[in-house]
Structure formats: structure tokens, C-alpha cells
1. Which residues, taken from segment 69-87, are surrounded by fewer than 19 Cβ atoms within 10 Å (Cβ to Cβ) and either acidic (Asp, Glu) or out of contact with any helix residue (DSSP H, G or I) (no Cβ under 9 Å at 6 or more places or on another chain) (or both)?
2. If the Cβ limit is 7 Å and pairs must be 6+ apart or interchain, which residue in segment 68-86 that is within 19 Å of ASP99 (Cβ to Cβ) pairs with which residue that is among the aromatic types (Phe, Trp, Tyr)?
3. Residues of segment 88-103 being of a type in the set (Val, Ile, Thr) and touching a helix residue (DSSP H, G or I) at 6+ places or on another chain (Cβ under 6 Å), which ones?
Amino acid sequence: MQRMLNVNAIMLSLMLAILSLTCSVSSYASVLSYSTGVNLSPGFNNSRQNNNQNNNLVVTSAQKAVQIAQRRYSGKVLKVQSANVNGHPGYRIKLLTNDGVIFYVSVDATNGAVTRN
């Protein structure tokens, strides 16, 4: 089981490396979502709750969250995942600077606020 998880992690890393070389930011999250089967909509996994919350969200997709984060902080996107940001639905984005520094940025989907972690 552990070996299979390691193989899956390596395959995902390779896919992300290839995506970063070949895909634009707008298609990055959609390809990642399709290839991994992970839902990248903000917030919790309760679909009824998501439908009610999505009507009031400023940031409605992982692509928009990446664009907002990159406007504020320059860097190469390494990972995007839906997350709970200060009790609200949102996204956590892993960035790599030109200097080789890796850091995380949180984007609150309800108001578009960006914070560096």
C-alpha cells in the first residue's frame, strides 16, 4: 500500500512538472483536477452547502485564486488545493520564487483576501 502511494506521488509530481512547462495558468487547475480526480472547488465537500455558498463567492475557481495570488506575489505555482481559510471556503497555493524560496498563500473565496503563510 505504501509503495503504491509513493508511486502515485511520483507520478503526480511528474505530471505537475510537465504541466508547469506546457500549460497556462488558466488551464493548470482544470487539468490537475481532471488528472487527479480531486475537486478544486472552494470549501467543504458537502455539495448542498457548496451550492448555497458558491452564489456569494468572489473567487469561484482555482484558476481565479491563482491569478489573484500571482498578482500580489510573483512566483511559479507548484500546488493548488481547496482549503478552509479563516472559517471560510478558499484556496491554498504553493509558490516558488525566482530565488528558490517556497511559500504558501491563502486566498479567501468569500472576499478575495490574500495572505502569505
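1. ARG71, ARG72, TYR73, SER74, ASN84, ASN86, GLY87
2. As it stands, the answer is VAL77/TYR28, since those pairs meet every condition given.
3. Matches in segment 88-103: ILE93 only.
Coordinate-derived values only; no laboratory data. Quantities reported herein were computed from a predicted structural model and do not represent experimental measurements. Cβ coordinates were reconstructed from backbone atoms using ideal geometry, including for glycine residues, and neighbour counts include every protein chain displayed.
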